[in-house]
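The structure appears below as structure tokens.
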Amino acid sequence: ITPCHAEDSDEIIFFCASRGHHADIGGITAGSMPPTSKTLFEEGARIKSFKIVSEGKFDRKGLEKYMLEEPAQYPGCSGTRCFRDVESDLQAQIAANQKGINLIHMLVAEWGLDMVQQYMEYIRRNAEQAVRSLLRDAAKRQGTKLHAIDYMDDGTPIELSVDIDTKKGSATFDFEGTGPEVAANSNCPRSVVSSAIIYCLRSMVSSEIPLNQGCLTPIDIRIPKGSLLDPSETAAVVGGNVLTSQRITDVVLKAFNAAAASQ
């Protein structure tokens, strides 16, 4: 994530972001997706926040600490096995953000900052209204209380209750009843739950809108602490990203009668 400053001041007018899936960040197996992991440490580097570029300088030493030294502290674990690849991929992401900043400056130069920021806001509001309409339509068809449950391969339930407020066009997505954190790696961070929900909402909206945060504005997501979908900070999660996220999608679509299972 890189701040985009106004060309004539220090004011931050936007942020640019790029997301990458890195080939290896350490842990107990190459590729950092171990099938047997039971803790987050076994899955490689874990970084809450790291300022990788400061005043235009790339912090290679800091990257070595987070990617090589810290992951290797745990029994049976190593740091990244391809540091130069990780480093160059991160530099590519930094360059992508800079390209985004250059394009934003071009847009602002052509249309003016007020106009550009207004239209960015319009895009979000449009997505918000599209989802509010979707929720009201769902309530007309199915009522204001929706419910679905499905199970992981080990029998752990993922349960969802959707309570729609037709007046506001908003909804609460409550995962009460979902099973507890497991001693395996199918635990799923809250951020991945949000990703699955926003994917489903955008899929169910019939109008052509760009995917953006406005889709989640009408949604209140509630997840029991310590459950499969809001595990402890040290829980293993690599399977949650690829398996549990798909089951959450199944459950959301099932609640809305949007698709047959597996379709």
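The values are calculated or read from the model by the stated rules, or taken from the named source; none is laboratory data. All values reported here derive from a predicted model rather than from experimental measurement. We place every Cβ from the backbone using ideal geometry, glycine too, and count neighbours over all the protein chains shown. Heads up: the accessible areas ignore ligands, DNA and RNA and are worked out on the full protein's heavy atoms, side chains in. Shrake-Rupley method; radii C 1.70, N 1.55, O 1.52, S 1.80 Å.
With respect to A236, is the statement that it is in contact with a His (Cβ under 9 Å, 6 or more places away or on another chain) and open to solvent by less than 40 Å² (accessible area, probe 1.4 Å) true? Don't jump to the end; show me each part of the working.
Values: in contact with a His (Cβ under 9 Å, 6 or more places away or on another chain): no; open to solvent by less than 40 Å² (accessible area, probe 1.4 Å): yes.
Answer is no for this residue.
Residue by residue, here is whether (1) part of a helix (DSSP H, G or I); (2) open to solvent by 50 Å² or more (accessible area, probe 1.4 Å); (3) more than 20 Å from P157 (Cβ to Cβ); (4) in contact with a His (Cβ under 8 Å, 6 or more places away or on another chain) holds:
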{"site": "P224", "(1), (2), (3), (4)": "no, no, no, no"}
{"site": "P231", "(1), (2), (3), (4)": "no, no, no, no"}
{"site": "G240", "(1), (2), (3), (4)": "yes, no, no, no"}
{"site": "L243", "(1), (2), (3), (4)": "yes, yes, no, no"}
{"site": "V252", "(1), (2), (3), (4)": "yes, no, no, no"}
{"site": "N257", "(1), (2), (3), (4)": "no, yes, no, no"}
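Being hydrophobic (A, V, I, L, M, F, W, C) and outside any loop (DSSP other than H, G, I, E, B) is the requirement here; does A183 meet it? Quick ask: steps written out before the conclusion?
Details: hydrophobic (A, V, I, L, M, F, W, C): yes; outside any loop (DSSP other than H, G, I, E, B): no.
No; evaluated as a whole, the condition is false for this residue.
Tell me which helices (runs of 4 or more DSSP H) are completely within the stretch 58-162 and hold 1 or more residues being open to solvent by 30 Å² or more (accessible area, probe 1.4 Å), of a type in the set (A, V, I, L, M, F, W, C) and closer than 26 Å to S245 by Cα, or say none if there are none. Working first, answer last.
Details: elements: 60-64, 83-111, 113-142.
By residue number, 83-111.
So E42 fits all but one of (1) at pLDDT 95 or above; (2) open to solvent by 40 Å² or more (accessible area, probe 1.4 Å); (3) among the charged types (D, E, K, R); (4) not in a helix (DSSP H, G or I); what number is the exception?
E42 satisfies all of (1) at pLDDT 95 or above; (2) open to solvent by 40 Å² or more (accessible area, probe 1.4 Å); (3) among the charged types (D, E, K, R); (4) not in a helix (DSSP H, G or I) except (4).
For residues in the stretch 193-212 being in a loop (DSSP other than H, G, I, E, B) and not hydroxyl-bearing (S, T, Y), which is surrounded by the fewest Cβ atoms within 10 Å (Cβ to Cβ)? Write out each step before concluding.
Pass one, the stretch 193-212, residues in a loop (DSSP other than H, G, I, E, B): 205-212.
Still in the running and not hydroxyl-bearing (S, T, Y): 205, 208-212.
Numbers: V205: 16, E208: 6, I209: 18, P210: 11, L211: 13, N212: 16.
Restricting to residues being in a loop (DSSP other than H, G, I, E, B) and not hydroxyl-bearing (S, T, Y), the top hit is E208.
In the stretch 181-192, is there at least one residue being open to solvent by 50 Å² or more (accessible area, probe 1.4 Å), closer than 22 Å to S32 by Cβ and in contact (Cβ under 8 Å) with a residue 60 or more places away in the chain? Quick ask: steps written out before the conclusion?
Within the stretch 181-192, the subset open to solvent by 50 Å² or more (accessible area, probe 1.4 Å) is 181, 183, 190-191.
Adding the requirement that they be closer than 22 Å to S32 by Cβ leaves 181, 183, 190-191.
Going one step further and asking which of them are in contact (Cβ under 8 Å) with a residue 60 or more places away in the chain, we end up with 183.
Checking the stretch 181-192: at least one residue is open to solvent by 50 Å² or more (accessible area, probe 1.4 Å), closer than 22 Å to S32 by Cβ and in contact (Cβ under 8 Å) with a residue 60 or more places away in the chain.
Out of everything in the stretch 6-23 that is under 30 Å from R84 (Cα atoms) and not hydrophobic (A, V, I, L, M, F, W, C), what residue ends up being most open to solvent (accessible area, probe 1.4 Å)?
R19
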